[in-house]
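The values are calculated or read from the model by the stated rules, or taken from the named source; none is laboratory data. None of the values given here were measured: they were computed from a predicted structure. All Cβ positions, even for glycine, are placed from backbone atoms using ideal geometry, and neighbour counts span all protein chains on display. In case anyone asks, the SASA skips ligands and DNA or RNA and just uses the protein heavy atoms, side chains included. Shrake-Rupley method; radii C 1.70, N 1.55, O 1.52, S 1.80 Å.
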Amino acid sequence: MKKITFLLSMLASCAMQSQITYEAAKDFGKLEDMTYDLTVQNKIYALTQGNHIVVSSDNGATWSLKYSFPNTGAWLTDLKLKANTLSFVVRNSGMATDGIYILNNADNAVIRHIPIPNPEDFSTIISYDLSDATGNTVIAHTSYSEGFTARTKIFISKDAGTSWQLIYFSADNDNVHANNVAISPLESNKLFIARSLGPDGVNGGLLISTDGGLTFTENLAGIALDPIAFNPTNGNDILIGTGISFGVTPEGLYRSSNGGTTWTLVPITWTDQTLNSINKIAFHPTAANNIILLEENEIAKSTDGGATWSNIVYPEYSTSYYYGLNASYNPSNPNQIAITTDLFPQMSNDGGTTLTQIQAPFYNIISVAHAKNSTAKHLFYGSNGGRLHKNLTAGTTSIFNPEPPTTFNPKKNYIVADQNIPGRTFTYASMGFFGGNLVLSNDYGATTTVLTTAFADDIQELIVDPNNSNVIYVAFRSGENGTLQKINFTDLDNITVEDIVTPEIDEFGSGAITGVAVTQGNSNEIFISKSAKFFKSTDGGVTWVEKMNGLSINQGSDLIWDMQRNPINPNHFTVATNAGVFSTSNAGENWTSILSGVDAKRITYSPANDGVMVVSLFSTISQDTSIKYTADAGQTWSEVTPAQLNYINSYSMAYDFDGNNINAYIATTDLGVLKYTIENVTLGVSNPNANADAISIYPNPASNQLHVAATGNAFEIKNTLIYTLTGQKVLESNASTIDISRLNTGIYIVNVVTDNGAIHTQKLIKK
């Protein structure tokens, strides 16, 4: 077969240009620990719910990425600003790289990594404090499990974590755990431990040390405590609030004006609700008479240094405010406060009395799909229990059926876009253990019709029968097993669902079906990938034949994650496996390894150019998210590295092959939908008139009839195939004059096959 010519040297050697944008709607932004810069007006830093720090220079109106921790499984917590540095805790990156990090705020360089003091316990840092911006003196509060028993250890270091001194162990202190630790801003040897509950009847108390943790004095005995705040203009003025105690400790705010020697209860009247805990205390950094307290269902504020307080109370199950986590005053405006809650980030412009949601495109996306037609490009994705559609051409987004922000476990929507019928999507709305509905939409997700209900975790594959646009094949997955169904919805009042029995079912289950393909012109010819094998059926799935020659993967431990059929060459299949990528050019009779040493999760073919493929590598324990792509059917590969993708965590990608660019739309777990554009790569029809001296199609543009002719006597025309730009075959003929009147207006790819086996490709414009 004659292949389309590409500029392979450009793929291999040019300086690849790239562009990243964030495409998700801003309605569901999730930001943690929002913190105002002390010197740059209206600048806010925040953590995502993952491994990134973002920044806004306009009071939260717009956001950009500031820093990516180079481990997609990491979770950044407890962001703090001191002078010109940002510090934070890294969890779940692996014990060696977990710990406290200090970032130079000017150039985003990590200037210090303070490892976990007790990695042998497989512990996690719960809270910490630094004496200054360098982190030379640091207190670290860790927690871990010893069998079924929870343990707390607290350490102090005066050499930035090179050596540690254990200053508190719950097993030696009536098994009482800690909630929070702090270092006095006036004396680095003065330490505070706010204690929680214990299992043996001893609870709470504030431990204070003035000798670097050698000895402690207890205050507020029996009171479960948590947040600690120091007056920024007077370090001896301290506020501490009660934590979660399940009714053991009455809710209250305590104040000391002498560095913690004596304490008094601040007279605030609290409403009674489930947890009754104070979660955050914040002073304005320069106008310290302004103080705010965040509680589960209410906000308390003072503008006279704590002499009087006003409470803003929110009802139970409020979707406006629930469980405040962090508050940061704008240094240049005492009335402006960035507030992090369990629902979403918020801004107050009146000192905490009213709140407005801060919008950002950073949150968890379940799945992503892309489709285009002659007039527009469309992006579909699922998040927050809803379905979202963005018309990429118009730049408008519609949101359908999102669940309230208080929903504990929203539906996970896995969306598949029909590439040939504009506006048609299929969504499996999974509710986990309770299964879910597979629904059809013909209006971009606005309205839906239930096709079937399944007790499955998700769908591994959904394809439209190329011979009947009202028939789909769906592979459902439940754990390591799955089912394959054929659904006919020609009559929506009489939808038929047929279970297709796949091979190798035993008492342990059926195995997951990860790929399905049906042959154009013959719906009885079906190909599937299942577990670690590739099968073919010629009788609609009644019987199956294994096609494994050369597919050298271990049947006991390896898995095929995805199988796709080349939309231009129907005999060419590719499978993505944990052992690499394999292809066949003869419908499975012989397989060849084309990419080894990677755990490849998904394959995507270009619908316009034979040999162009993209491989998606998702985040696993052993690899980070990346993209590999080829323009010569796997002979050579190029890569978009994890660093170029900002170390995102992803499990779904969709691609738009757009002229000289590949647009990758990536569903991430904390940055929404990331669009990464690989530029200056010739992936469209490189020269549609390259074979004009051999084959002639006319008129072009054409309205009703297309004439196909050979310009010499060296060969004869065997047949002509016409494809959409998305790779769907819409017409096939062996005549020299072809009726194209029923085709929609647009651009098509014409493949003319000659008797010598060559394929001559040209572009057709249909008027």
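Worth pointing out:
- Taken one residue at a time, the phi angles of the stretch 226-234 give Karplus couplings (6.51, -1.76, 1.60, θ = phi - 60°) of 9, x, 10, 9, 9, 4, x, 9, 7 Hz. Gly and Pro are set to x.
- Part-to-part distance (alpha-carbon centres) for the stretch 118-138 and the stretch 472-540, which is given in Å: 53
- Potential lengthening between residue 555 and residue 498 on full extension [0.36 nm per residue; Cα-Cα distance subtracted]: 17.7 nm
- For the stretch 607-680, averaging the sequence separation of C-alpha pairs within contact (under 8 Å, six or more residues apart) and dividing by the residue count gives a relative contact order of 21 percent.
- Residue-span extension gain [residue 420 to residue 287] - 0.36 nm each, minus C-alpha spacing: 41.7 nm
- Surface accessible to a 1.4 Å probe, per residue, for the residues of the chain, Å²: 40
- Protection proxy ranking, highest mean first, for peptides 405-411, 490-496, 127-133: 127-133, 405-411, 490-496, where packing is the per-residue count of other beta-carbon atoms within 10 Å, averaged.
- Amide proton proximity set for residue 112, modelled H, under 5 Å, gap of 5+: 102
- Cα→Cβ-extended label distance, 7 Å offset, between residue 703 and residue 731, nm: 1.5
- Among the listed pairs 372/412; 533/766; 372/601, those beyond 31 Å (Cα-Cα): 533/766
- Database remark: amide H of residue 336 closer than 5 angstrom to the amide H of 330, 351 (H placed geometrically; neighbours at sequence offset of 5 or more, or on other chains; Pro and chain starts carry no H).
- Low-density loop positions, chymotrypsin sites (Phe, Trp or Tyr not before Pro), the stretch 308-356 - DSSP coil, at most 10 other Cβ in 10 Å: 317
- Label point distance in nm, residue 478-residue 159, each placed 7 Å from Cα along Cα→Cβ: 5.9
- Taken as Cα centroids, the stretch 142-159 and the stretch 255-299 sit 27 Å apart, rounded to the nearest whole angstrom.
- Note on residue 110 and residue 401: their simple-model spin labels are 4.3 nm apart, each label 7 Å out from Cα toward Cβ.
- Taking 0.36 nm per residue of sequence separation and removing the Cα-Cα distance, the residue 596/residue 443 pair yields an extension gain of 50.9 nm.
- The fraction of accessible area contributed by carbon and sulfur in the stretch 353-408 is 51 percent, rounded to a whole number (1.4 Å probe; ligands and nucleic acids excluded).
- Annotation: amide H of residue 579 within the under-5 Å range of 559, 600, sequence separation 5 or more or interchain, hydrogens built in the peptide plane.
- For the stretch 641-677 versus the stretch 394-431, the gap between their alpha-carbon centres in whole angstrom: 19
- Signed unit charges on C-beta, dipole axis of the stretch 155-301, positive-most listed residue 271, 188, 209: 188
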